[in-house]
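Trainee: Quick one: structure below, then a few questions.
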Amino acid sequence: MFKINKNKIPYHVGFIMDGNGRWAQKRLLPRLAGHKAGVEALKRVTSAARELGIKELSFFAFSTENWQRDKEEVDGIFDLIEKHLEENFEKFIEEKVTITTMGDISKLPQKLYRLLIDITEKTKHNTEFVVNIALNYGSRAEVVRACNKLIEKGKKNITLQDFASELYTASMKDPDLIIRTSGEQRLSNFMLFQSAYAELYFTKTYWPDFTKKHLVKAIKNYQSRDRRFGKIKQEKNK
Ligand code: IPE
Ligand code: IPE
Ligand code: MG
């Protein structure tokens with residue numbers, strides 16, 4: 001088995017963390033048990049990604065469409081996220097992790113909203129490693145929001161750069177790799193603009209079962225691809 005190429009580690013990896021419900025169902029557990037195990041996977045994958053040298057991570061945690069689920073599940077997901085952030089607040093600061101969010105977080109429960117504002121503010125000067133959490137995020141809503149921001153600024157003509165700078169990801173690089181777990185092969189409104197040239201990787205593994213081993217496999221797969229960006233052939237060792 002060939003080794004991972006340390007010189008070709010993706011800079012930004014996006015995760016569509018899917019399959020928590022089915023993971024729980026398979027074990028005859030309530031869906032929330034799946035989300036709880038999903039948070040453990042998120043912690044595990046974050047450490048593994050950092051060890052591997054990835055610099056930016058984006059996690060799809062709650063979509064604009066996920067409000068259509070039962071209130072109990074929605075509230076439970078927010079509680080789990082809040083607990084995770086509270087428990088790790090100090091650790092993020094110590095380990096120089098920048099936490100950013102994307103999505104309209106003002107619609108989240110007040111306590112979680114305030115915690116997110118506090119955490120993003122206190123970690124914004126860190127430069128080593130970015131963990132971006134998509135909460136009440138939808139790529140289409142993000143695009144419309146960017147347009148409205150440009151209209152508010154009185155712009156009549158815009159460049160690609162102007163547009164990209166109004167997206168939640170303005171300070172981040174475009175994702176190199178998007179990983180979706182659970183076997184579904186779709187983006188479900190995740191980073192549609194940013195992932196124009198991202199490599200897509202789908203695995204049948206449910207998110208709560210996703211480990212460093214799976215991440216390494218995904219990266220090796222990514223490294224085997226020829227990213228041409230419309231050109232003829234990628235130069236060697238680039
Ligand atoms: C992903 O797992 C987490 C969220 C969407 C919040 P799901 O809850 O969608 O799990 P499945 O797809 O029902 O198995
Ligand atoms: C996408 O998963 C959203 C998150 C992972 C948060 P969904 O489970 O909501 O997506 P669909 O409904 O299968 O497309
Ligand atoms: Mg799902």
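Trainee: Taking region 144-191 as the search range and keeping residues that are within 16 Å of ligand 2 (Cβ to nearest atom) and touching a Lys or Arg at 6+ places or on another chain (Cβ under 7 Å), which one is nearest to residue 128 (Cα to Cα)?
Mentor: Out of the qualifying residues, it is 189.
Trainee: Now for a separate question. Could you list, in sequence order, all residues of region 189-205 that are within 16 Å of ligand 1 (Cβ to nearest atom) and charged (D, E, K, R)?
Mentor: 204
Trainee: Which pairs do you get when a residue that is on the phi > 0 side of the Ramachandran plot, found in region 174-186, comes within reach of a residue that is surrounded by fewer than 17 Cβ atoms within 10 Å (Cβ to Cβ) and not in a strand (DSSP E or B), reach meaning Cβ atoms under 6 angstrom, with the pair 6+ apart or on two chains?
Mentor: So the pair list comes out as 183/204.
Trainee: In this structure, is residue 190 of a type in the set (Phe, Trp, Tyr) and under 28 Å from residue 160 (Cα atoms)?
Mentor: Against the criterion (of a type in the set (Phe, Trp, Tyr) and under 28 Å from residue 160 (Cα atoms)), residue 190 qualifies.
Trainee: Could you figure out which of (1) within 16 Å of ligand 2 (Cβ to nearest atom); (2) over 22 Å from residue 170 (Cβ atoms) isn't true of residue 33?
Mentor: Every condition holds for residue 33 apart from (1).
Bear in mind that the values in this text are calculations on the coordinates, not laboratory data. Predicted model only: the values in this text are computed from it and were never measured. With ideal geometry, Cβ positions are generated from the backbone for all residues, glycine too; neighbour counts draw on all protein chains shown.
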